[in-house]
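Remarks on the structure that follows.
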Amino acid sequence: MASVCEQQRDYGSAAYWEERYYGGVPALDFYLDYDALIPYLAPVLGGEPKDVLVSGCGGSEVGAELSDRHAHRVTCADACGRLIERVRSRYGA
């Protein structure tokens, strides 16, 4: 059986994520979802709309929530083309 370190060694590879998400994946937040993250972001984002980059967005809905709830201009980026296409089709981007 592969160790955790051996299993995670390909996390930086676009091919790893393409294979992992082949056939679709539900929305997933690896770290924090919007409700858990916004208390930390709110002081930085302030009241005026800002440009926000969500790097390594995966299947997360955080970018859409920031855009919908706060009128921020959000760019989501990920090395996995399957997930980017899914986000584009879901939000009409």
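The values are calculated or read from the model by the stated rules, or taken from the named source; none is laboratory data. Predicted model, so just to flag it, every value in this text is computed and none were measured. Glycine gets a Cβ as well: all are built from the backbone with ideal geometry, and neighbour counts include every protein chain shown. Quick note on the areas: whole protein, heavy atoms, side chains included, nothing else; ligands and nucleic acids left out. Shrake-Rupley method; radii C 1.70, N 1.55, O 1.52, S 1.80 Å.
Key figures for this structure:
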item: The range 49-93 - accessible surface per residue (Å², probe 1.4 Å); result: 58
item: Spin-label model distance (nm) - LEU45 vs TYR91, 7 Å beyond Cα toward Cβ; result: 1.1
item: Amide hydrogen neighbours beyond the local backbone of THR75, cut-off 5 Å, H modeled; result: VAL52, LEU53, VAL54
item: Per-residue SASA entry for VAL87, accessible area with 1.4 Å probe, Å² rounded to 10; result: 20
item: Percent carbon-and-sulfur accessible area, the range 32-71, ignoring ligands, DNA and RNA, probe 1.4 Å; result: 54
item: For the range 49-93: relative contact order, % (alpha-carbon pairs under 8 angstrom, 6 or more apart); result: 42
item: Sequence ranges 62-68, 11-17, 77-83, ranked by mean other-Cβ count within 10 angstrom, highest first; result: 62-68, 77-83, 11-17
item: Two-site label geometry, ARG73 and ASP10: point separation in nm, points 7 Å out along Cα→Cβ; result: 3.8
